[in-house]
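In what follows, a single structure is set out as structure tokens and then discussed.
The values are calculated or read from the model by the stated rules, or taken from the named source; none is laboratory data. Computed from a predicted structure; not experimentally measured. With ideal geometry, Cβ positions are generated from the backbone for all residues, glycine too; neighbour counts draw on all protein chains shown. Ligands, DNA and RNA are excluded from the accessible area calculation, which covers all protein heavy atoms including side chains. Shrake-Rupley method; radii C 1.70, N 1.55, O 1.52, S 1.80 Å.
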Amino acid sequence: MYLFFENVALHMFKLWSGRFFKDDNLNNSIPFVLSKSSWEEIGIQMQNNKKNMPLDFGRPPRNIWKHNAGYKAEEWANWITLYSVPLLKSKLPERYRIYKCY
């Protein structure tokens with residue numbers, strides 16, 4: 001669990017946010033990198049829906065843009081399995097929509 005949710009999920013987030021490579025030219029060449037404003041919007045949506053989430057989901061969602069460095073495996077698991085598909089569905093180009101992969 002920890003390998004996937006602390007490593008793979010974190011790297012997927014870095015790839016989508018344009019912070020995966022040290023070279024900005026490489027990050028800017030990726031066609032599915034979301035803008036900072038998109039990530040801020042996603043983070044606000046997560047934060048605003050905190051009170052609506054069932055306790056069975058575990059830890060309530062935090063703003064992923066602000067707090068991703070402190071995410072634990074449980075939060076990455078919730079991000080990948082619960083939040084990423086609906087929140088990224090309208091943000092990613094059609095060709096790279098992740099719900100087709102899941």
**Item:** Test for ILE30: is it part of a loop (DSSP other than H, G, I, E, B), among the β-branched types (Val, Ile, Thr), modelled with pLDDT under 90 and on the phi < 0 side of the Ramachandran plot
**Value:** yes
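From the residues in segment 67-85 that are more than 24 Å from SER35 (Cβ to Cβ), outside any loop (DSSP other than H, G, I, E, B) and in contact (Cβ under 8 Å) with a residue 12 or more places away in the chain, which one is most open to solvent (accessible area, probe 1.4 Å)? Don't jump to the end; show me each part of the working.
Start the filter on segment 67-85 by keeping residues that are more than 24 Å from SER35 (Cβ to Cβ), which leaves 72-74, 77, 81.
Within this subset, residues satisfying the condition of being outside any loop (DSSP other than H, G, I, E, B) are 73-74, 77, 81.
Those left that are additionally in contact (Cβ under 8 Å) with a residue 12 or more places away in the chain: 73-74, 77.
Details: ALA73: 3, GLU74: 83, ALA77: 16 Å².
Across segment 67-85, the extreme among qualifying residues is GLU74.
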**Request:** Look at PHE21 and say whether it is among the aromatic types (Phe, Trp, Tyr), open to solvent by 60 Å² or more (accessible area, probe 1.4 Å), within 28 Å of ARG95 (Cα to Cα) and not in a helix (DSSP H, G or I).
**Result:** yes
**Boolean, SER90 is open to solvent by 30 Å² or more (accessible area, probe 1.4 Å), part of a loop (DSSP other than H, G, I, E, B) and small (Gly, Ala, Ser)** = yes
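Considering each residue of segment 1-15, count those that are open to solvent by less than 80 Å² (accessible area, probe 1.4 Å) and more than 14 Å from TYR71 (Cβ to Cβ), and give that number.
So the count comes out to 1.
Looking at segment 46-66 only, could you name the residues that are in a helix (DSSP H, G or I), open to solvent by 70 Å² or more (accessible area, probe 1.4 Å) and under 16 Å from LEU82 (Cβ atoms)? Steps first, please.
First pass over segment 46-66, keeping only residues in a helix (DSSP H, G or I): 46-48, 50-52, 55-57, 64-66.
Okay, now just the ones that are also open to solvent by 70 Å² or more (accessible area, probe 1.4 Å), so 47-48, 50-52, 55-57, 66.
Scanning segment 46-66 gives GLN47, ASN48, LYS50, LYS51, ASN52, LEU55, ASP56, PHE57.
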**Prompt:** Which ones in segment 24-45 are under 20 Å from TYR71 (Cβ atoms) and open to solvent by 80 Å² or more (accessible area, probe 1.4 Å)?
**Reply:** LYS36, GLU41, ILE44
